[in-house]
Amino acid sequence: MLLENKTAVIYGAGGTIGGAMAKGFAAEGARCILVGRTPATLEAVAEQIRAAGGQAETAVVDVLDEPAVNDHADAVVGTTGSLDISVNVITQEAIFRPLLDIPVKDFAQAIDKQVTSQLITTKAAARHMTRQQSGVILFFGGADYANRQDRQGLGTVQVGMDTVEGLRRQWACELGPQGVRVLTLLTGGIPESFPDGAEFDEAKQSLADHTLLGRAASLADVGHVAAFVASDRARSMTATQVNVSCGACGD
């Protein structure tokens, strides 16, 4: 197994993307710590992982509470001996509206929460990983620098991803000398992460239509790639985006 004897902390593991990553890590032997604010959704994912023979534990932690995040990371290392993989896929109040229609205060607050969340969880992991001289920190979403942004009404969503991607680039630079790899999974959108309902069918189809393969990435694809990238098989990869967009994002 690619991740045997590794400990992975997944913030936002109760959601579709976080759950997919947790399942991918667990399938490769990692001990997964599922973190979020809603016990029921976390436990639902944990039960699926256990039923498949994987290892999963849950913890209710607010990622905007820095002391709580630090205490939890310390407890994980105290129990398991290491913190090898850290992922934060909590998006924090994304606003899908034209920029002209978003009050400045609301826009600033949404971006602030997203960046602060990522900063807190990454710092908590980095403290332990730099001592270990090893570890992988993954981000999700990314920025498609090669192509023109032509989708209107995304509000804080793409701006937030671009901002977090800038944060990831700096983390990769600073943590690399300590043996810590930092990467982003670049996505063109995952249809299965959308809510159910006919009103979302057009948006889901649009994701597939924008790809070169004629299909969008699945949640299983996300989990498989995340597990590979977090493994020692990808030990030469850092400071970059790993493209899982099925060709929607060029290079």
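The values are calculated or read from the model by the stated rules, or taken from the named source; none is laboratory data. Because the structure is a prediction, the values reported are computed rather than measured. We place every Cβ from the backbone using ideal geometry, glycine too, and count neighbours over all the protein chains shown.
The number of residues in region 114-154 that are aromatic (Phe, Trp, Tyr) and in contact with a Gly (Cβ under 9 Å, 6 or more places away or on another chain) comes to 1.
Could you tell me which residue of region 80-103 is farthest from the chain's Cα centre (by Cα), considering only residues that are part of a loop (DSSP other than H, G, I, E, B) and among the small types (Gly, Ala, Ser)?
Ranking the qualifying residues of region 80-103, first place goes to Gly81.
In contact (Cβ under 8 Å) with a residue 12 or more places away in the chain and out of contact with any helix residue (DSSP H, G or I) (no Cβ under 7 Å at 6 or more places or on another chain): which single residue out of Thr38, Thr16, Thr7 fits that description? After applying the criteria, what remains is Thr38.
Looking only at region 90-98, decide whether some residue is under 30 Å from Gln152 (Cα atoms) and among the polar types (S, T, N, Q).
Within region 90-98, one or more residues are under 30 Å from Gln152 (Cα atoms) and among the polar types (S, T, N, Q).
Residue check: Leu138 meets all listed conditions (1) under 19 Å from the mean Cα position of the chain (by Cα); (2) over 20 Å from Tyr11 (Cα atoms) but one, namely (2).
Here Asp106 passes the criteria (1) touching a residue at least 12 places away in the same chain (Cβ under 8 Å); (2) assigned to a helix (DSSP H, G or I) except the one numbered (1). Residues that are within 18 Å of Phe194 (Cβ to Cβ), buried (at least 17 other Cβ atoms within 10 Å of the Cβ) and not small (Gly, Ala, Ser) were ranked within region 209-228; the one that is nearest to the chain's Cα centre (by Cα) is Val222.
For the structure I just gave you, tell me whether Ala73 is of a type outside the set (D, E, K, R) and assigned to a helix (DSSP H, G or I). In short, yes. Annotation: of all residues in region 86-133 being farther than 20 Å from Val69 by Cα and polar (S, T, N, Q), the one that is surrounded by the most Cβ atoms within 10 Å (Cβ to Cβ) is Gln109.
I'd like the full set of residues that are modelled with pLDDT under 95 and part of a loop (DSSP other than H, G, I, E, B), limited to region 172-198. Matches in region 172-198: Thr187, Gly188, Gly189, Ile190, Phe194, Pro195, Asp196, Gly197.
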